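Heads up: the structure comes next, in structure tokens.
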Amino acid sequence: MQSLEGQDLVERRLEELREHDRNFPDRRHPLTSLIEAIVWCEKVHAEALTLEASAKARRPMADVMRDEDRLGTGELERARAAVPDLESGLRLARAAGSREVAFDSRDPKQDAVAGALISTLVSSRLASVRTEELGDEAYCYYVTVDWPALDAFAARIGLQPVADMLS
């Protein structure tokens, strides 16, 4: 469970996303809105902190802020582009229930789906992955989605459970 401080931080990040995109959350595209929120709250924030920390002392803050804005816009565009692969992966994971789903990196489609799930959900602690080496730089990724955590995050931004988004 998140601390109150952690909950406040997520709320501030979601408010920033609403300011960045006045149409957020888009109830016509709830899965896209959920993915945008995950990426904004986790990835964009972490990368912005890295950008600020690595900025030279003499660099104008306006330049840093402009770079942060570009970074956020770019991450949201990549997140939107990954939605079809994420949707495919979530459908497979929903069918598996609480069991893990295997993705073989030798199959380009499976590799893309695994990559989208890992870069979005696993990196945000909304899923877990274990990896089995198959040889010749090939891997099998076993992904398990944390459905209660993912649904709780969706509810936090006023969206229905993910199973309803997928039906």
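The values are calculated or read from the model by the stated rules, or taken from the named source; none is laboratory data. Since the structure is predicted, the reported quantities are computational estimates derived from the model, not experimental observations. Positions of Cβ are backbone-derived with ideal geometry, glycine not excepted, and every protein chain shown enters the neighbour counts.
Is it the case that the range 127-149 has a residue that's part of a helix (DSSP H, G or I), surrounded by fewer than 16 Cβ atoms within 10 Å (Cβ to Cβ) and more than 12 Å from the chain's Cα centre (by Cα)? Within the range 127-149, one or more residues are part of a helix (DSSP H, G or I), surrounded by fewer than 16 Cβ atoms within 10 Å (Cβ to Cβ) and more than 12 Å from the chain's Cα centre (by Cα).
Picking from residues in the range 12-40 that are within 10 Å of the chain's Cα centre (by Cα) and either in contact (Cβ under 8 Å) with a residue 60 or more places away in the chain or outside any helix (DSSP H, G or I) (or both), the one that is farthest from Thr73 (Cα to Cα) is Leu34.
Residues in the range 90-118 that are without any contact (Cβ under 8 Å) to a residue 40 or more places away in the chain, in a helix (DSSP H, G or I) and surrounded by 16 or more Cβ atoms within 10 Å (Cβ to Cβ): 10 in all. Mind checking which residues of the range 72-82 are modelled with pLDDT of 95 or more and surrounded by fewer than 18 Cβ atoms within 10 Å (Cβ to Cβ)? The one that is modelled with pLDDT of 95 or more and surrounded by fewer than 18 Cβ atoms within 10 Å (Cβ to Cβ): Ala81. Say whether the condition of being part of a helix (DSSP H, G or I) and not aliphatic (A, V, I, L, M) is met by at least one residue in the range 158-165. Checking the range 158-165: at least one residue is part of a helix (DSSP H, G or I) and not aliphatic (A, V, I, L, M).
Applying the set (1) closer than 25 Å to Trp40 by Cβ; (2) at pLDDT 95 or above; (3) touching a helix residue (DSSP H, G or I) at 6+ places or on another chain (Cβ under 6 Å); (4) of a type outside the set (D, E, K, R) to Phe103 leaves exactly one unmet item: (1).
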